[in-house]
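For reference, the structure discussed in these notes is given below.
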Amino acid sequence: MQLGLSVSDSDVSSFTPLVVLELAEDTKAEAITWLLNRIRDKQQNGGAELLVNQLLFPAHNDQKSNPNVFVVGSTLRRLLNGAEDVGLFKEFQDGTMRGFTYANRESFQDFNGDGEGFLSDAECQYIIKHELDTLRAKNEEHVPGYQKLKLYPGKSVVRRLQSKGVLIQYFPLHNKEDLKRLSFSWYKKFKLSFQPLDDIRHYYGEGLALYFGFLEYFTFALVPMALIGIPYYLFDWEDYDKYVLFAVFNLVWSTVFLEVWKRCSATLAYGWGTLSRKKAFEEPRAGFHGALGFNPVTGREEPVYPSSKRQLRTYLVSVPFVLLCLYLSFYVMMVYFDMEFWAINIYNENPNIATSILLFVPSIVYAVVIEIMNLLYRYAAEFLTDWENHRLESSFQNHLVLKVLVFNFVNCFASLFYIAFVMQDMVLLRQSLATLLITSQILNQVMEAFLPYWLQRRRNKKVHKRMRRLMGDKELPLLEQVQLETEMNSYLGTFDDYLEQFLLFGYVSLFSCVYPLAAVLVVLNNITEVYSDAFKMCHVFKRPFSEPAANIGVWQLAFETMSIIAVVTNCALIGLSPQAKAYFPESDSQLILIVVAIEFIKWSEQGLALDQYAEGEGLLLTERHVIMFSLPSNSSWHSSFQMFLSISKSN
């Protein structure tokens, strides 16, 4: 049976293919016909009013290809109307960013003639995804050909098919010419300059551009730490107690770092038109299930799941499981310390080159175990969060992030806290931090850069050979491109990328005062990270759909929490230093420094309150910071900072 039109390079000019739909090979014919009709039908009839054609591969006796692969496009008018539906912001003639409306299209900059080129490919693909996701069942009781695949009015058709395995995947196609230009300006030439964030945003959307913007900002922000850390390490490498000055610098840096980033993020979001954009009404997750009920807000029938059941699953299953994993992490940590003491005893009995190398083995083994435990826990956390049956994707992501961050923080940093504040062994702390940081970076580079590159090259060669046997002498680049991209790995979002930067930020902000080269290692890691991530996005992963974003979301809160912990940690490290104890010979210096930490946090909260006040009064970002830095000199922050300077002078 042949459905729709055959799409080849001779007739693809009828429309530009933007999105690929792949259905299961054994999908029933009536289900395919019904889905295509719904996609093509007019909006007033409940359809998506998009263009869709089938890709037909040449017949071959030995080679079989999935016949149920379709490409989706749209007319320009439909895309412009869709831009208004999704609330895209565009630059108006007066230079301001305004929500696009089709009626006022001539008043927007860069809208010339019929609007060709006004929308980027990423925006067009985002609009098509929105239309497909909001394609809803009308009066169908089930998917044609599948009696058990129930439907009800208002249910997302695409999400239902995807959750039941009928729709295998749908993804945006790469634009070869745009990708080639982006690759050249992004990673194909080594340069110490800023990334082409506007080009990345144009091709991949704001969400991914903000990640690379944060990665770039984090790397440049670490340069002062690295420049100070190198001479500090070289001249004081034998004196592990002289770290007060660097700890004070850590205090200031970890706070200013995030404040400046918020300003940079707001500047980028404003220029891209996402800062003032209202978030669209969030639909239920594809995996959300429950008894059919009535939503009083939308007026539609949809699954209903009692929140009490979800809370029972969370507090009676998920929380105990997380606690059990934390206990396992502490147990592994104690095994590591036993190995460390064993290696130290062997070295003390017979100091030589072999036993000196043996001193690093426990930390290396522990670092590898940490990475394995983090990976296994990630899968378990995803399973548990999905089992909790959260209705919204944002709620799902928030619970997943919380589970993963708690475990990763304890798993990666618990041993360092134990060495620093229980054992109070700064020599072992420096050695453990260096080993953990270097080992984790090597493992991440292997797993994230070299291994995906090697696997993708092998996959590309197999696909190319198969397509050559299948097509013979025919030149059908679109078919080969679609076949290649359907077998690429799917990009799972920026979760793992932000998580890696979160842990690196923790290593630098928490304990780099005793190992000042930590910032240098992270800078080198992030430079390679930029190029490896850029290569993977262009050649290893499928092109992800654009996601509008005004900031880095829940990760901003995660980094701010780490910053507060870093302030308290550095204050405590200062309290353990001989300089602080000499400065307070008759007092409990730890108690005094805890008070200082509390005052520092209070100052941070005061700055946040000033920001909120300025925002309520409609003040600009620069005006808010003028207010913050105009605090009286006798405030708690100034007195605390003066005390820190006094302590550092004794270094």
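The values are calculated or read from the model by the stated rules, or taken from the named source; none is laboratory data. Note that the coordinates shown come from a computational prediction; the quantities given were computed from them, not determined experimentally. Cβ: placed from backbone, ideal geometry, glycine included. Neighbour counts: every protein chain shown.
Tabulated data for the structure shown
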read-out: Test: residue in segment 138-152 that is in contact with a Gly (Cβ under 7 Å, 6 or more places away or on another chain), modelled with pLDDT under 85 and in the same structural domain as Gln44 (by TED's automatic domain parsing); value: yes
read-out: Candidates Gly82, Gly165, filtered to the one that is touching a helix residue (DSSP H, G or I) at 6+ places or on another chain (Cβ under 7 Å) and within 29 Å of Gln483 (Cα to Cα); value: Gly82
read-out: Options Ser440, Ser490: the member that is closer than 30 Å to Thr569 by Cβ and either at pLDDT below 70 or of a type in the set (Ser, Thr, Tyr) (or both); value: Ser440
read-out: Number of positions in segment 342-371 that are in contact (Cβ under 8 Å) with a residue 24 or more places away in the chain and of a type outside the set (S, T, N, Q); value: 11
read-out: Exclusive hit being at pLDDT 90 or above and crowded, with 16+ Cβ neighbours inside 10 Å, set Met373, Met334; value: Met373
read-out: Qualifying residue in segment 171-193 (condition: of a type in the set (S, T, N, Q), at negative phi and out of contact with any helix residue (DSSP H, G or I) (no Cβ under 7 Å at 6 or more places or on another chain)); value: yes
read-out: Total residues in segment 410-439, condition under 18 Å from Ile564 (Cα atoms) and crowded, with 19+ Cβ neighbours inside 10 Å; value: 4
read-out: Options Lys129, Lys188, Lys148; residue that is of a type in the set (D, E, K, R) and assigned to a helix (DSSP H, G or I); value: Lys129
read-out: Test: Ala343 is in the same structural domain as Leu437 (by TED's automatic domain parsing), touching a Cys at 6+ places or on another chain (Cβ under 9 Å) and either surrounded by 14 or more Cβ atoms within 10 Å (Cβ to Cβ) or acidic (Asp, Glu) (or both); value: no
read-out: Any hit, segment 541-549, residues being assigned to a helix (DSSP H, G or I) and of a type in the set (Gly, Ala, Ser); value: no
read-out: Residue match in segment 379-400 (condition: more than 30 Å from Arg159 (Cα to Cα), among the hydroxyl-bearing types (Ser, Thr, Tyr) and surrounded by 14 or more Cβ atoms within 10 Å (Cβ to Cβ)); value: no
read-out: Segment 307-325, residues that are out of contact with any helix residue (DSSP H, G or I) (no Cβ under 9 Å at 6 or more places or on another chain) and hydrophobic (A, V, I, L, M, F, W, C); value: Leu312, Leu316, Val319, Leu323, Leu324
read-out: Neighbours by Cβ (under 7 Å, 6+ apart or cross-chain): first from segment 172-187, over 21 Å from Thr486 (Cβ atoms) and outside the structural domain of Tyr204 (by TED's automatic domain parsing); second modelled with pLDDT under 90 and among the aliphatic types (A, V, I, L, M); value: Trp186/Ala534; Tyr187/Ala534
read-out: Residue satisfying all of: in segment 527-560; acidic (Asp, Glu) and within 16 Å of Phe502 (Cβ to Cβ); farthest from the chain's Cα centre (by Cα) among these; value: Glu560
read-out: Among residues of segment 153-181, those that are in contact with a strand residue (DSSP E or B) (Cβ under 9 Å, 6 or more places away or on another chain), at pLDDT 85 or above and part of a loop (DSSP other than H, G, I, E, B), counted; value: 2
read-out: Hits in segment 483-515 (condition: under 20 Å from Arg378 (Cα atoms) and out of contact with any helix residue (DSSP H, G or I) (no Cβ under 9 Å at 6 or more places or on another chain)); value: Ser490, Leu492
read-out: Inter-residue pairs, beta-carbon under 7 Å, first within 11 Å of Val19 (Cα to Cα) and in segment 111-128, second among the charged types (D, E, K, R) and surrounded by fewer than 21 Cβ atoms within 10 Å (Cβ to Cβ), 6+ apart; value: Asp121/Asp178
read-out: Candidate set: segment 152-183, residues that are among the β-branched types (Val, Ile, Thr) and within 25 Å of Ala122 (Cα to Cα); chosen: the one surrounded by the fewest Cβ atoms within 10 Å (Cβ to Cβ); value: Ile168
read-out: Wholly enclosed strands (runs of 3 or more DSSP E) of segment 54-119 bearing at least 2 residues at pLDDT 85 or above and of a type in the set (Val, Ile, Thr); value: 69-73
read-out: Gly115 being over 19 Å from Leu173 (Cα atoms), in the same structural domain as Asp41 (by TED's automatic domain parsing), exposed (fewer than 15 other Cβ atoms within 10 Å of the Cβ) and more than 30 Å from the chain's Cα centre (by Cα); value: no
read-out: Residues being within 17 Å of the chain's Cα centre (by Cα), among the polar types (S, T, N, Q) and over 16 Å from Ser329 (Cβ atoms) - total across segment 376-424; value: 4
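Every residue, every condition in (1) modelled with pLDDT under 85; (2) under 15 Å from Phe337 (Cβ atoms), yes or no:
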position: Phe407; (1), (2): no, no
position: Gln424; (1), (2): no, yes
position: His464; (1), (2): yes, no
position: Leu470; (1), (2): yes, no
position: Lys474; (1), (2): yes, no
